Amino acid sequence: MAEVARAGGREFPTEVIERIRDAVSADAELTRTELSRRVCEWLSWRQANGRLREVSCRVALQALEQRGVIELPPSRAADRKRPSRVEPGLQTEFVLQERTPLPTELHQLGRIELVVVGKDCPQEYGQWKEALERFHPEGHVTLPQAHVRYLIRCRYGVLGALGFSAAARQLAARDAHIGWSSPARTANRELVVANSRFLLLPWVRVKDLASHVLARAARQLAQDWQSACGLRPVLLETYVDAARYRATCYRAAGWQRVGATCGRTRNDRTHTRRARVRDIYLLPLSGDYRRRLCSEPIVRKPPAPSSPSWARRELGGAELGDPRRFERLVSVLEDFYARPNASVPQACYHSWGRLKGTYRLVNNDDISMRDILAPHYASTAARMNNEPVVLAVQDTTSLNYSTHAATPGLGTITNAADGALGLEVHDTLTFTARGVPLGLLDVQVWARDPAEFGKRHTRRKRPVEEKESYKWLTSFQAAAHAQRLCPHTRVVSVGDRESDVFELFELAHARDDHPALLVRASADRRVRSTGASGLLWKVVESQKKTELREVQVPRTAERPARRARLTVRFCAVELRPPRNGPAGRQPLHVWAVLAREEHPPHGVEPLEWMLLTTLEVRTFAQAMEKIDWYARRWGIEVYHRTLKSGCLIEERQLGTVTGLTNCLAIDMIVAWRILYMTRLGREVPDLPCTAVFTEDEWQSLCKVTHPNQPLPLEPPSLTEVIRMLSKLGGHIARKTDGPPGVESLWIGLMRLSDISMCWRLFGPSARAP
């Protein structure tokens, strides 16, 4: 049985445990510090800013040693005397300040500064440490690896010290206030920062100074924490001893009491080390902090069992509360995939029990769309891990359920209050750089509230978390969860003009390990570039025109397919925050690429893309790469067409929104599978057909399309089988016809379902009883 080891919130695979043992036994001079660095490299265990998590790793290794899993090198801490970082003579400054009279009014102090105390600031660190050791009731504390320290200064000298560090792992009152689940807390706890120390020196008695410092720290910390730790926090917490303090300054600075601790310390794993009960205070740094913290992560996919069923492999790990529900979900997915154009009774035509089970499954209020799609999200992340670049394309579509007018919970999908009824769907579909769809990462479904219809004129006054625009940020967070599961993959979030939201760019800059962003600009906002400033289009148009680039423009209902010749310009720009947003927002550095068709065909609207990206664009090749990536966005339009025309999701006859959304989740996996099969046959033509089709399927297909030829001894290629399948769907497959499309494939799949079933019953593999 494989050895399982988990410590410090990380899993240590068997091979890593063996490498640790080999390293310790082979090198007698190996230190624990060097060993932790090696283990971090083996596990790709890094902070958001890319630094190794050496401290967390050493704590985890010590836990493994205590359990007898490994044996660490001897500790050398006792063999060396650590020199004090407090330089002699620094205490004199505080002694002199005690004799210096200070004003008693805040405005008389002048400018208050919070000076960051870094590793390379021994004098400031000495002052910070001495202040806490001498004057704080709990003394100096060694902060965790993720921390920011401040000295509070004015023209009269040092006024005090502040310390911020990683938040507590669990706090019942805080967790109840946020409302996050255990997986969400594990994934997002780094976005919460604790104010672990706050001190004003005893002789500093200035009215309102404490609340002023806390308010200033709240404005400054987000940027400083991102610079130090690579992520931007959204919530602050602190713990106040109510027996000593009234927390007046915290309440004056906007902090809110949410409960109290239970009297345990951070490392009290045995429930024996009692501490003071403290009040818990929280301060949001972002209006959408609850949504950000409660976003469910994409879990790592467990090893898939050996099974010929693609549906069973795709849904492996689904948690539906009952194993029988999982079996039912697998059978429903297989039935829907075999007959994508069919209604639910037609898809389950061969079994009355399967039909009843299908309706019970999709109408079950204990099963949500997220429950059905979660294992597919994990499978998508597993496929992403094998790609150097993945494009996470976001888009919105509407589902028209006007024939379900009696179904409660639907909303308008038009600009009229009494327009067609239905649901809005915003999804994120991932593609390789060559356009192969890897699967979904996020799906949001909602119905517009009729009571809120007509609020468009107030959109500039409302925060983004109260608008539909927040859908772009939610999907970006899902891509960020996948990015952390795939550290060796460059994930790029791609969106159309509707995604040109300043808050989305802020979120992309919030963590160093966040996905890159590539969106098409819609707002001609004011920007600043090297040697120029003004409106976005004018600044980029002033750049030198580069070479021409041809792109394939796919056909639509309004226009035929054609090739467009584009001129390209690009430069770095600084986006200024909107004037109607909250105060204190910083300009953001991005790159702009303008691709324009200067000589379109007569009567055709010219193609023009203004792309904004967080990725560097310094050369023509880099600009062309971003244009090619954005062109892949058309793949999600094909996906939505497959979902509506191929799976006929708008014609599903289900009487509840729960049934519609659960059925939609299954159909979305089916639509992805059809599109995946189409693109895979084009991009990997020599792949054996067994990667997609079962033995019964390809054998029966060969026999039907080539009845006078014997079955091949070896499975044919995927391209050959897809060509045969498309012929069943009406594709002529002449040399000049090009590869088959998704429409001929979903029709062919419906016919193949009946053919393969007859082959299993009456073909050569059938056996007489």
* Identify, among 704, 348, 235, the residue whose Cα sits farthest towards the positive end of the charge dipole of the chain, taking +1 on the Cβ of Lys and Arg and -1 on the Cβ of Asp and Glu, with the dipole about the Cα centre. => 235
* If you put +1 on each Lys and Arg Cβ and -1 on each Asp and Glu Cβ, how big is the dipole of segment 419-517 around its Cα centre, in Debye rounded to 20? -> 180
* Asked: Got a number for carbon plus sulfur as a percent of the chain's accessible area, 1.4 Å probe?
  -> 50
* To do: Taking the Cα centre of the chain as origin, sum charge times position over the Cβ atoms of Lys and Arg (+1) and Asp and Glu (-1), and report the length of that vector in debye to the nearest 20.
  => 1760
* Asked: Sequence-distant or interchain residues sharing an amide H contact under 5 Å with residue 117, placed H: which?
  -> 149, 150, 151
* Asked: How many nm separate the modelled label positions at residue 21 and residue 173, each set 7 Å beyond the Cα in the direction of the Cβ?
  -> 4.7
* **Where the chain is the region considered: accessible area per residue in Å², 1.4 Å probe** => 49
* To do: Compute the distance in nm between two label points, each set 7 Å from the Cα along the Cα-to-Cβ direction, one at residue 6 and one at residue 522.
  => 4.3
* Asked: Given a Förster radius of 51 Å and the C-beta distance between residue 227 and residue 761 as r, what FRET efficiency does 1/(1 + (r/R0)^6) yield to the nearest 0.05?
  -> 0.15
* To do: Compare the Cα positions of 214, 552, 262 along the charge dipole of the chain (+1 at Cβ of Lys, Arg; -1 at Cβ of Asp, Glu; about the Cα centre) and return the one farthest towards the positive end.
  => 214
* Structure fact -> FRET efficiency for residue 156 and residue 576 from the Cβ-Cβ distance with R0 = 45 Å, rounded to 0.05, comes out at 0.80
* Structure fact -> Here the FRET efficiency for residue 533 versus residue 219, based on Cβ atoms and R0 = 25 Å and rounded to 0.05, is 0.45
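What size of dipole, in debye to the nearest 20, comes out for segment 99-169 about its Cα centre when the only charges are +1 on Lys and Arg C-beta atoms and -1 on Asp and Glu C-beta atoms? Provide the component values of the computation, followed by the final result.
Details: 9 positive and 7 negative charges, 10 e Å.
Here the size comes out at about 40 debye.
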* To do: Select from the chain the helices, each a whole stretch of DSSP H, whose alpha-carbon atoms run 24 Å or more along the helix axis and whose Kyte-Doolittle mean is at least -1.0; answer none if there are none.
  => 209-229, 657-683, 742-762
* Go through segment 587-639 and name the GluC sites (Glu not before Pro) that are in a DSSP coil and have 16 or fewer other Cβ atoms within 10 Å of their Cβ. => 598, 616
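How many percent of the alpha carbon pairs in the chain exceed a separation of 49 Å? If you can, show how the numbers build up before the last one.
Details: 84050 of 295296 pairs.
Here the tail beyond 49 Å accounts for 28 percent of pairs.
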* Asked: By how many nm would the segment from residue 38 to residue 562 grow when fully extended, if each residue of separation counts as 0.36 nm and the alpha-carbon distance is taken off?
  -> 183.3 nm
* To do: Take the Cα of residue 648, step 7 Å along the line toward its Cβ, and report every residue of segment 320-350 whose backbone nitrogen sits under 19 Å from that point.
  => 332-350
* Asked: With contacts defined as alpha carbon pairs under 8 Å and 6 or more residues apart, what's the relative contact order of the chain in percent?
  -> 9
* Label points 7 Å out from Cα along the Cβ direction at residue 31 and residue 138: separation in nm? -> 3.0
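The values are calculated or read from the model by the stated rules, or taken from the named source; none is laboratory data. The shown structure was predicted, so the numbers you read here are calculated from the model rather than taken from an experiment. Quick reminder, even Gly has a Cβ in these numbers, built from the backbone with ideal geometry, and neighbours come from all protein chains shown. Calculation scope for accessible area: heavy atoms of the full protein, side chains included, ligands and nucleic acids excluded. Shrake-Rupley method; radii C 1.70, N 1.55, O 1.52, S 1.80 Å.
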